[in-house]
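Here's the structure, in structure tokens; my notes come after.
Just so it is clear, none of the values below were taken in a lab; they were calculated from the coordinates. Here the structure is a predicted model, which is why all the values come from computation and not from measurement. When we count neighbours, we look across all protein chains shown, and the Cβ atoms used for this are built from the backbone with ideal geometry, even at glycine.
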Amino acid sequence: MNLLVLYLLLLKATLTTFSGMSSLPLVRADFVVRHKVLTDPQLSRAVAVSRMAPGPNGLYLVSVGYTVAGLPGATAATVALVTPAFLIIVFLKFLGRNAEHPVAQRVTQAVTLASGGLIATALLPLARSSIDGPFSVVVAGASLLVLTATSIDTVWVVLAAAAAGLARKGLP
């Protein structure tokens, strides 16, 4: 895939979402469905690898860029991630006092809810490629329960699930 196209697709994902993982449905549609440069398992791995690292959720885009085009792809993804931060400086001048307006806050809440719905629609295809038997169903269910019922950080849950998988298959 051309690096400019990769950058523009990742920039689109970054600009059209409000939080890190809410871009996942867009990324899946562009890279797995439309351009077919990733598979669902590769996208799942990119998300899992980035979730094990410290930092914002949106950093999974760097893993996606790396999976698609190696180090140049990771660089294009990093530039796509920081571009909005530079653009926001220009927009802050125009937003200024209006950010606290009740209408602006309601719009932000509506977009956040819509992003949650988009994430839910991306979850099923990714889950189908990752959950392939009774053991993975139990691990996924236990992980969901721990994440929703406790304040344990996601990285510990991912590491525990990985350890369970390694223990089941036996260490190499």
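Taking a sphere under 14 Å around the Cβ of residue 8 and counting the other residues whose Cβ falls inside, with K and R at +1 and D and E at -1, yields a net charge of +1. The calculated FRET efficiency for the pair residue 29 and residue 162, based on their C-beta separation and a Förster distance of 35 Å, comes to about 0.80. Its residue count N sets the reference 2.2 N^0.38 Å, and the alpha-carbon radius of gyration of the chain equals 1.15 times that reference.
Pull out a ≥ b ≥ c, the square roots of the eigenvalues of the alpha-carbon gyration tensor of the range 1-102, then state rounded if a/c is under 1.5, prolate if not and a/b is larger than b/c, and oblate in the remaining case. Prolate, because a/c is 1.5 or more and a/b exceeds b/c.
Pair-distance distribution of the range 131-172: all C-alpha pairs, bin width 5 Å, starting at 0; shares per bin in whole percent are 5, 24, 29, 24, 13, 5, 1.
Between 26, 107, 48, the Cα set farthest toward the positive side of the dipole of the chain (charges on each charged residue's Cβ, about the Cα centre) is that of 26.
Among the helices of the chain, those built from whole DSSP H runs whose Cα atoms reach 27 Å or more along their own axis and whose mean Kyte-Doolittle hydropathy is at least -0.5 are 60-95, 102-130.
Can you tell me the FRET efficiency between residue 128 and residue 150 if r is taken as the Cβ-Cβ distance and R0 is 25 Å, rounded to the nearest 0.05? Provide the component values of the computation, followed by the final result.
Values: r = 27 Å, r/R0 = 1.06.
With a Förster radius of 25 Å, E is 0.40.
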